[in-house]
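Written below as C-alpha cells is the structure these notes are about.
What follows is calculated from the coordinates using simple rules that are stated; it is not laboratory data. Keep in mind that what you see is a predicted model, and the values were worked out from it rather than measured. Reconstructed Cβ throughout: ideal geometry from the backbone, glycine too, with neighbour counts over all protein chains shown.
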Amino acid sequence: MSSPSSAWREQVAADEAARFARQGKILAAIQAARSARYGAGRALHRKAVLGANATFEVLAGLPVEARHGLFAAPGRYPALVRLSNGSFDMQANTRPDIRGFAVKVNGVTGPSSLDGTTDHQDFLLINHDSFASRTSDEFVDAAAALAKGEGALLLWLFRSFGLRGALTRLKTLAGVVRKPFSGFATETFNTALPIAVWPNAAKLRLKPVAPGAPTDKDFAQDMRDRLVVGPLVYDVALQFFVDEKVTPIEDPTVVWPEAQSPFVSVARLTLTDADADVEGLRFDPWGGLAAHRPLGEIMRARKAAYYVSQVGRGAA
Ligand code: HEM
C-alpha cells in the first residue's frame, strides 16, 4: 500500500482550446439532430431512468487526507440524483449502454471551480472504474461516428487506427457497452477520472451498502419499487492519487489498483424517493467547489462539452 500524495500534475497541451471548440461543434450537431427527433434534451445521457431526492451525509472522523472541500467537516446536505443511460438516443433500458449516476449536493458554499462561488457540488459517475477513450478527441469522434450508425463507427475506426488498432478498440468498446448491468441499486459507480480533494487528488466511488438481490425487472421500475419499500443507501468513498505510475492523472484508461490505493469511506448517499424532476437541471463535473476541481484532459474537455449541451437544451 502507498500513501496519498499531493504531488500530482496535470499536463495541459497548447492546442486544447481549439480541440475542445471543435468537439463542441460536433456535440451540438449530435444534440440538434436528436432534439429534432425527440424534443430538447441532453447531447449524451439523454434518457433519464429516474430522478430521486436524496441526502448526502459527510461522515465524522475522516482521515486527514480526505478532510478538504465538502469533506472538511461532518454535515448533512439535501441532494438530487439523475440516473441515466449514456446514449444520445432514447432507447429501451434493455439495450447495452453505459449507465450514468449524477448527484447534486445542495446547500454547499465556497469558491467555485468555474467563477465566483458555488452553492452545490456535483459528482458524475458511470458503472465503470476507468474511461475507455484515452483522449477527448477519441471519445467525441467515436460518438460522432456512432451517431451516424454502426457502419460509420467501423469505418472511422479502420481509417483512424488501421486494422489492428481498430480491432483492439472495437473489442474495448464492445466490452464497455456490453458490461453486464444488474441495476442501479446493486452496481458500483465511479467518477472514473480524478477530482481534486485539494491539495490531494482522488477518484470517487458509490457502492450500495445493502444491495440485496439483483432483479431481472426493468431497472427504472426496480428502483421505484425498492424506494417504495425504503431508502437506498450508498457508501461514498475516495481513492487517492499516490504516484503518477500507479494512479496516473492523465491516463483515463488505467484502473487505479485498490491494493496500492484502497478506497476510504467519506460519506453516505441516501436516496429517499423517486419524485424529483431533474430534467431541467444541470449536472456538471465542473459544477462545484474549486477544492474538487476535475483533473486531466478529458475532464478539461468536459468543461466545454457540458456547457454546449446545456446551451443546446436551454439550461445554460
Ligand atoms: C470527453 C469525455 C466526455 C464528454 C465529451 C461528455 C459529454 C457529456 C455531455 C455533453 C452530457 C450532457 C450534459 C447535459 O446537457 O447536461 C453528458 C452527460 C453525462 N456524462 Fe459525460 N462526457 C464525457 C465523459 C464522461 C465521463 C468520464 C463520465 C463519468 C465518469 C460521464 C458521465 C456523465 C453523466 C453521468 C451524464 C449525465 C448527467 C445528467 O444526468 O444530467 N461523462 N456527458
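For region 92-102, the Karplus equation 6.51 cos²θ - 1.76 cosθ + 1.60, evaluated at θ = phi - 60°, returns couplings of 4, 5, 6, 6, x, 6, 7, 10, x, 10, 9 Hz by residue, with Gly and Pro reported as x.
Excluding Phe161 itself, what net charge comes from residues whose Cβ is under 15 Å from its Cβ, given Lys and Arg +1 and Asp and Glu -1? Please report the intermediate quantities before stating the final value.
Numbers: positive: Arg134, Arg159, Arg164, Arg169, Lys171; negative: Asp137, Glu138, Asp141.
Spelling it out: positives minus negatives among the neighbours equals +2.
Counting only residues at least eight positions apart within a chain, or on another chain, the aspartates and glutamates with an alpha carbon under 17 Å from that of Lys217 are Asp97, Glu187, Asp225.
Using only helices, what value at 222 nm comes out for the chain when you add -39,500 (n - 2.57) per DSSP H run of length 4 or more and divide by the total residues, to the nearest 500 deg cm²/dmol?
Numbers: 5 runs with 91 residues, N = 316.
It comes out at -10000 deg cm²/dmol, rounded to the nearest 500.
Candidate cross-link partners of Lys245 among the lysines, defined by an alpha-carbon separation under 16 Å and a same-chain spacing of 8 or more, comprise Lys203. In a reduced charge model with +1 at each Lys and Arg Cβ and -1 at each Asp and Glu Cβ, the chain shows a dipole moment near 720 debye about its Cα centre. Once both labels are positioned 7 Å from their Cα atoms along Cα-to-Cβ, the gap between Ser2 and Ala92 label points is 4.6 nm.
Residue pairs exceeding 23 angstrom between C-alpha atoms, taken from Lys25/Lys171; Lys104/Lys303; Lys25/Lys47; Lys104/Lys148; Lys25/Lys179; Lys47/Lys148: Lys25/Lys171; Lys104/Lys148; Lys25/Lys179. Across region 80-88, computed HN-Hα scalar couplings (Karplus, 6.51 cos²θ - 1.76 cosθ + 1.60, θ = phi - 60°) run 10, 10, 10, 9, 8, 9, x, 5, 7 Hz from first to last residue, x flagging Gly and Pro.
Computing FRET efficiency as 1/(1 + (r/R0)^6) for Ala14 and Lys245, where r is the C-beta to C-beta distance and R0 is 22 Å, gives about 0.30.
Length available on full extension from Arg67 to Thr117: 0.36 nm per residue minus the Cα-Cα distance, which gives 16.0 nm.
Remind me, relative contact order of the chain in percent, using alpha carbon pairs under 8 angstrom and six or more residues apart?
Working: 665 pairs, mean separation 87.8, N = 316.
Reported as a whole number, the value is 28 percent.
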